[in-house]
Each structure stands twice: as C-alpha cells, then as structure tokens.
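Data first, discussion second: the structure below is written as structure tokens.
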Amino acid sequence: MFVTFEGVEGSGKSTQMARLRAALEAAGRTVCLTRQPGGCALGQTLRGILLSQKTAGLDDRAELFLYLADRAQHVAEVIRPALAAGAVVVCDRYTDSTVAYQGYGRGLDTTLLQTLNAVAAAGFVPDLTLLLDLDPAVGLTRATSRNAAAGTAEAEGRFEAERLEFHERVRQGYRALAAAEPTRFAVIDAAPGPDAVAEAIWRVVAARL
Ligand code: TYD
C-alpha cells in the first residue's frame, strides 16, 4: 500500500506521519517512512539546493526539474523496492506537491505537470493521499516557530518566505486536486489538535488496509 501526505507548510505532516507509522506497526505492518525531496542520497543533495534561501534566482522550470529528478530517483531507489517487499510506503509529499506548488503556486501549466509527473513517478500512483487541509496563515505561523526552534530558519526557509497569497493558491490547488480525485484523496481538517487529527487519519487508513 502506497500512502502520501500532502498539505501547506506547517500542516502537521511530520507529526502525523510518525503517529501513523506507530499505528501501522502496532497493526503488524512493515512501514517505509520517506519523503520528497530528500528520501535518497541524490534527493538529499537536491533538497539542500531546493530549500536553501541561499539558492538565489532559481528559474521556476529549473526548480521543477530538480523536484522531478528527486522523484524519479526516489521511486527507483526507495518506493518501488519497498512496495515490492510488501511494505506500506508512507511518503511526505509526492506528485500532488508539484501540481500544487509549481502549478497553482508558481503558475506553470498543470496539464503539462501531470504528464511530467507521470514520467518521473514511472506509474507509481498512491493508493491513498491524505491532504492535511489548513489555513496557510495558521500553518506558516506553526512552521516559522518550528524552524526557529530547530535552528533551520535560514536553511529551510525558501518556501516559508513566499507571500501568503502563494500559499493560499497552493491550498486551493490541493483542494481542486482532491475534488478531481475523491477516491484517492482523503481531506483531513488539520486545525484540531494532533490527537484528533491522528484519529481521523487512522479511521481512513484502517478502512483501506
Ligand atoms: P518539506 O520540509 O518537506 O515540507 P514542510 O515544510 O511542509 O515540512 O519541504 C519541502 C518543500 O518543497 C515544501 O515547501 C514544498 C516544496 N515542494 C515543491 O514545491 N514541489 C514538489 O514537488 C515537492 C515534493 C515539494
């Protein structure tokens, strides 16, 4: 089973992925918890370039192809083998991030992005995508205090530094994607506390196991 998490900055994906891993393991499943960008060695290098505020003047299309390169390598090296071994793969961000951020956020053509995603993902489509839906104003406040606490404000702030309107477009993009594929997507309200969100997620995942 292939599960992806999506959402705006600060929507609580990391916390909820750890909770889901624990619940799946308690249910006897082997879990591969991973992320894009950065779930393999090449991806780690690309992640450093993509998220650093020191990367100035990166063209939108150059940015796109770095995310796609990360995806192609990560599918080949991590996702495909883990699924073949029978693990539940839980991935932090995947193809929908590209459509939401590079499409709805940056303004690149979303139909073209879907085609490029299909190439990069080599046909590996998630069985379930959990969209943690949150007002980006709330998410950015959460993300900024998290980065400050972790000391990563400078290294990981390239997207957090985008204007609120950008993140509002990303959220609307995610909602449009979810509406277009209601079977694959589950939209989870990420505003309540972590326990309530974890319960909502587990209800959805358990029903599909
Ligand atoms: P990450 O730390 O994974 O997200 P978060 O801040 O939610 O914890 O950062 C990844 C960033 O990369 C995030 O801002 C979204 C962006 N991104 C894209 O723009 N396109 C993509 O295809 C992917 C996978 C991520």
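Please treat every number below as a calculation from the coordinates, not as lab data. Keep in mind that what you see is a predicted model, and the values were worked out from it rather than measured. Virtual Cβ from ideal backbone geometry, glycine too; neighbours counted across all protein chains shown.
Residues A179, A150: which one is surrounded by fewer than 19 Cβ atoms within 10 Å (Cβ to Cβ), more than 15 Å from the ligand (Cβ to nearest atom), without any contact (Cβ under 8 Å) to a residue 12 or more places away in the chain and farther than 24 Å from L209 by Cβ?
Details: A150 fails: more than 15 Å from the ligand (Cβ to nearest atom).
Selected residue: A179, the only one of A179, A150 that is surrounded by fewer than 19 Cβ atoms within 10 Å (Cβ to Cβ), more than 15 Å from the ligand (Cβ to nearest atom), without any contact (Cβ under 8 Å) to a residue 12 or more places away in the chain and farther than 24 Å from L209 by Cβ.
If you go through region 103-125 and pick out every residue that is in contact (Cβ under 8 Å) with a residue 40 or more places away in the chain and away from the ligand (no atom under 13 Å from the Cβ), you end up with 4. The residues on offer are R21, R35, and the sole one that is in contact with a Leu (Cβ under 6 Å, 6 or more places away or on another chain), closer than 14 Å to A82 by Cβ and not β-branched (V, I, T) is R21. Set side by side, the residues T15, T30, T45 differ, and just one is more than 17 Å from the chain's Cα centre (by Cα), closer than 21 Å to E160 by Cα and of a type in the set (V, I, T), which is T45.
For region 63-75, the count of residues that are surrounded by fewer than 20 Cβ atoms within 10 Å (Cβ to Cβ), of a type in the set (S, T, Y) and farther than 18 Å from F2 by Cα is zero.
From the list R29, R21, exactly one residue is over 19 Å from N117 (Cβ atoms), more than 15 Å from the ligand (Cβ to nearest atom), touching a residue at least 40 places away in the same chain (Cβ under 8 Å) and in a loop (DSSP other than H, G, I, E, B). Which is it?
Numbers: R21 fails: in a loop (DSSP other than H, G, I, E, B).
Exactly one residue qualifies, and that residue is R29.
Could you list, in sequence order, all residues of region 41-65 that are more than 13 Å from the ligand (Cβ to nearest atom) and in a loop (DSSP other than H, G, I, E, B)? K54, A56, G57, D59 - these are the residues of region 41-65 that are more than 13 Å from the ligand (Cβ to nearest atom) and in a loop (DSSP other than H, G, I, E, B).
Could you list, in sequence order, all residues of region 88-106 that are assigned to a loop (DSSP other than H, G, I, E, B) and within 14 Å of M17 (Cβ to Cβ)? Walk me through how you get there before you give the answer.
Quick first cut of region 88-106, residues assigned to a loop (DSSP other than H, G, I, E, B) only: 93-94, 106.
The answer is R93, Y94.
So which of R184, R163 is over 17 Å from the mean Cα position of the chain (by Cα) and among the charged types (D, E, K, R)? Answer to the selection: R163.
Evaluating A100 against the criteria (1) free of Cβ contacts under 8 Å to residues at least 12 places away in the same chain; (2) within 11 Å of the ligand (Cβ to nearest atom) leaves one unmet condition, (1).
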